[in-house]
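Nothing in this text is a laboratory measurement; each read-out follows from the coordinates by a stated rule. Quick caveat: nothing in here was measured; it's all calculated off a predicted structure. Note that each Cβ is placed from the backbone with ideal geometry, even for glycine, and that neighbours are counted across all protein chains shown.
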Amino acid sequence: MKQTQLLSALFSFLEENAHWNQEFQAREHYRHLAACATARERLVAHLNMTVNTQSAPRLGMLGGFWRAMHGFRPVGIPTLSAFTEYLERNASVQPAFLGPWDRLFNALSAQPGWGEKTAALFVKEVIQVHRGPDALRYFADVDGEVASDDRIYLPVDAVITHIFEASGLLERPRFATVNRLLLKTYNGEQVLRWDDLWYWGYFTQDSQDQRRAMRWNTDKFWCQHSSPVDREKEVQLLGEQFVGLVRAI
């Protein structure tokens with residue numbers, strides 16, 4: 001299957017089955033943010049939740065980031081613009097961006113211990129949270145909208161690089177090459193849908209002896225607190241369909 005055909009087939013699958021990851025992420029956000037008493041607490045909790053998805057967080061560097069975050073004390077509910085400006089000052093980053101989400105990505109990726117993948121993940125997370133219940137939101141000036149001229153990056157981790165490699169879409173996939181490929185065709189809103197690759201890839205990858213195989217991983221599914229375990233058979237059938245698409249090279 002040609003590259004454009006495979007991308008189109010994968011994207012159609014993600015669109016048709018979007019509700020599975022949406023519901024999974026909504027449960028995760030509620031678990032991590034619902035107990036926070038203030039908007040600033042929710043912001044800090046969400047940053048913490050995101051950065052700890054790293055396989056080996058660099059605590060020596062992140063310590064400096066958290067010390068800097070301790071000084072972010074806005075009056076009232078934080079705003080995205082004030083937070084981004086604070087990050088830019090902390091890392092001596094010159095504002096250079098296509099829109100507010102691209103600006104946040106550039107400011108956050110420059111912070112100690114963060115990097116591109118984790119910054120891209122947080123941008124995606126902020127948008128998702130601010131499309132959800134008011135009680136979980138923490139920025140006063142955000143409604144979850146993505147302007148057509150803004151830029152959103154896919155958070156590329158080992159799960160996603162394996163998909164692009166196993167499908168033959170890219171020989172040596174990494175953050176830059178995956179996003180370059182997607183941004184040639186897809187806008188920011190569509191890249192948010194591409195993030196569902198993680199959901200389907202995570203539950204259909206099995207790592208043994210430092211090698212990854214693509215097959216339904218029931219143990220991974222049951223070990224995730226937010227998995228809809230009562231509907232595993234439905235998700236498994238879709239996961240197997242997803243694996244078939246990836247292998248259609």
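Per-residue 3J(HN,Hα) values for the stretch 109-120, derived from phi via the Karplus relation 6.51 cos²θ - 1.76 cosθ + 1.60 with θ = phi - 60°, read 5, 8, 6, x, x, 9, x, 5, 4, 6, 5, 4 Hz in sequence order (x marks Gly and Pro). Stretching ALA248 away from THR79 to a fully extended chain increases their span by 56.3 nm, per 0.36 nm per residue minus the current alpha-carbon distance.
Maximal additional length on extending the ALA56-THR185 stretch stands at 43.2 nm, based on 0.36 nm per residue less the C-alpha distance. In terms of the Cα gyration tensor, with a ≥ b ≥ c the square roots of its eigenvalues, is the stretch 38-150 rounded because a/c is under 1.5, prolate because a/b exceeds b/c, or oblate? Taking the square roots of the gyration eigenvalues as a ≥ b ≥ c, the stretch 38-150 is rounded. Residues within the reach of a label modelled at LYS2 (point 7 angstrom out along Cα to beta-carbon, backbone nitrogen below 15 Å), restricted to the stretch 132-172: there are none. Give me the Debye-computed log₁₀ of I(q)/I(0) at q = 0.24 Å⁻¹ for the stretch 106-203, equal point scatterers on Cα only, no solvent, two decimals. So the normalised log intensities are -1.36. Taking the longest Cα principal axis of the chain as reference, the axis of helix 80-91 is set at about 80 degrees. Among the listed pairs LYS117/LYS220; LYS124/LYS184; LYS184/LYS220, which are separated by more than 25 Å between their Cα atoms? With Cα atoms farther than 25 Å apart: LYS184/LYS220. Each peptide among 119-128, 44-53, 72-81 gets the average number of other Cβ atoms lying within 10 Å of its residues, and from highest to lowest they stand as 119-128, 44-53, 72-81.
By how many nm would the segment from ALA37 to ARG174 lengthen if fully extended, with 0.36 nm per residue of separation less the alpha-carbon distance? Length difference between fully extended and current span is 45.5 nm.
Summarised in one figure, the compactness ratio Rg/Rh of the stretch 87-147, Cα atoms and Kirkwood Rh, is 0.98. Entry for the chain at q = 0.14 Å⁻¹: log10 I(q)/I(0) = -0.99, Debye formula applied to identical alpha-carbon scatterers, no solvent contribution. Here the Karplus relation 6.51 cos²θ - 1.76 cosθ + 1.60, evaluated at θ = phi - 60°, turns the backbone of the stretch 127-133 into coupling constants of 4, 4, 4, 7, 9, x, x Hz, with x for every Gly and Pro. Across TRP194, TRP114, TRP66, mean-square fluctuation computed from a Gaussian network of the chain (C-alpha pairs under 10 Å connected) peaks at TRP66. Report the far tail of the P(r) of the stretch 200-240, meaning the percent of Cα-Cα pairs longer than 15 Å. Of the Cα pairs, 35 percent sit more than 15 Å apart.
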